[in-house]
Amino acid sequence: MPLFASMLFGTIEYGSVIYSYSAMQFGANRVARTVAVNRMSNAQAQTAVRNYLPGWVRDDVTVAVSQTAPTDANTNLVRVQLSVPAQQATPLAILTRMMPWQLTANVAMKQELPYVD
C-alpha cells in the first residue's frame, strides 16, 4: 500500500508540474504574440500572462517582458520569460522538494510590421 500511495501521489504531483509548465509556455506564447502585434504594452503583459496560469503558480512565478528595439519594428524582438521553482508548480510539493529545479518558459517573437495599404 505505501508503494501504491507513493506512485499515485507522484503521478498526481508530476502531472500537475507538467500542466503548470504547459500553461506557462502557452501563456508566454499568447502574451508575446499580443505584444508583437501592438495590442498590449509590457506593463499589461505582466498581469496578462499570470491569468493563463493555474492558481497555485500565479503568485510565485517571475515574469520578465522585454523588447530589443521597441522603436524599430523591423528588428524588434519581444521576449517573455517565466520562471518558477518546481515545488511551487504543484499544489502537493511532496516529491519535488527533493529536487530543487526551476521551470522556465522562454518565448521570443518578432514584432509584426504595421499594415500598409
Estimated dipole of the stretch 2-110 in Debye, rounded to 20 [Cβ of Lys and Arg +1, of Asp and Glu -1, Cα centre]: 280
Suppose the Debye formula is applied to equal point scatterers at every Cα of the chain; what is log10 I(q)/I(0) at q = 0.16 Å⁻¹? -0.73
Rounding to the nearest 10 and keeping the result within 0 to 90°, find how far the Cα-based axis of helix 42-51 lies from the longest principal axis of the chain. 30
Taking only DSSP H segments of four or more residues, each worth -39500 (n - 2.57), what value at 222 nm results for the chain once the sum is divided by all its residues, to the nearest 500 deg cm²/dmol? -14000 deg cm²/dmol
Taking the 0 to 90 degree range and rounding to the nearest ten, how far is the long axis of helix 2-36 tilted relative to the main principal axis of the chain, both from C-alpha atoms? 10
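Here, each number is a calculation from the coordinates, and none is a lab measurement. Predicted model only: the values in this text are computed from it and were never measured. All Cβ positions, glycine included, derive from the backbone under ideal geometry; neighbour counts span all protein chains shown.
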